[in-house]
1. Working with all protein chains in place, sort Glu70, Glu148 by solvent-accessible area computed with a 1.4 Å probe, largest first.
2. For the stretch 94-141, what % of the accessible area comes from carbon and sulfur atoms, probe 1.4 Å?
3. What FRET efficiency comes out for Arg11 versus Glu106 if R0 is 30 angstrom and r is the Cβ-Cβ distance? Round to the nearest 0.05.
4. What ranking, highest mean first, results for peptides 71-79, 128-136, 15-23 when packing means the other Cβ atoms within 10 Å averaged over each residue?
5. Find out how many positive minus negative residues lie around Tyr158, taking Lys and Arg as positive, Asp and Glu as negative, among other residues whose Cβ is under 15 Å from that of Tyr158.
6. Please give, to one decimal in nm, the separation of the simple spin-label points placed at Tyr67 and Arg116, each 7 Å out from Cα toward the Cβ.
Amino acid sequence: MVSRSTSELPRSQTIYLLQALIPYSKANLKFSFARKSFYSDLAKISKSNAGAVKTTYYRALRSELIYVDEDGIPQISQKGKMKLDLFKAKNIKGDGQLMIIFDVPEKLKAKRQQLRALLRELYFVQSQKSVWITDRDCKMYLTVGIQELDLIQYIKLYECHELDINGKQN
């Protein structure tokens, strides 16, 4: 079974930035009333300088995760809300896992790297070179990502259970 320790801060600056745009969320309250603490959290997430925060903001704008309304106030988009819902993904019932197997040709190396980045974002862990597993139910988001990368023909997706060496289900 795949397991990850849960921490109070997300793994991604982008996710924390999106959370800061949701009214009354912990990130939003820090952003509104304890800005120094908010930026400190961002630094902990990225382990980098303040320029990375600006880069994250503009990347979120370009990716249409956020938009600026008529009053010049950043707002979270529907696409951004969907991305946040991903991080609330429930574990697959029982001891089920989601497994992806892919064989992306070398000529599409950049897309393969984007796929691996997406898998890490979705809390997949690498089992073998091109075999990744997770215990989170993120099929919808993963399917959309695979379609956007136009890699459907190179990927197999399975929902499975791990078996022990005696052939019994764990």
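1. Sorted descending by solvent-accessible area, the residues read Glu70, Glu148.
2. Working: 1270 of 2480 Å².
So the carbon and sulfur contribution to the accessible surface is 51 percent.
3. 0.55
4. 15-23, 128-136, 71-79
5. Values: positive: Arg136, Lys139, Lys156; negative: Asp95, Asp103, Asp135, Asp137, Glu159, Glu162.
That sum, taken over residues with Cβ under 15 Å, equals -3.
6. My value for the distance between the label points is 3.5 nm.
The values are calculated or read from the model by the stated rules, or taken from the named source; none is laboratory data. Computed from a predicted structure; not experimentally measured. Cβ atoms come from the backbone with ideal geometry, glycine included; neighbour counts cover every protein chain shown. Note: accessible area is taken over every heavy atom of the protein model, side chains too, but ligands, DNA and RNA are not part of it. Shrake-Rupley method; radii C 1.70, N 1.55, O 1.52, S 1.80 Å.
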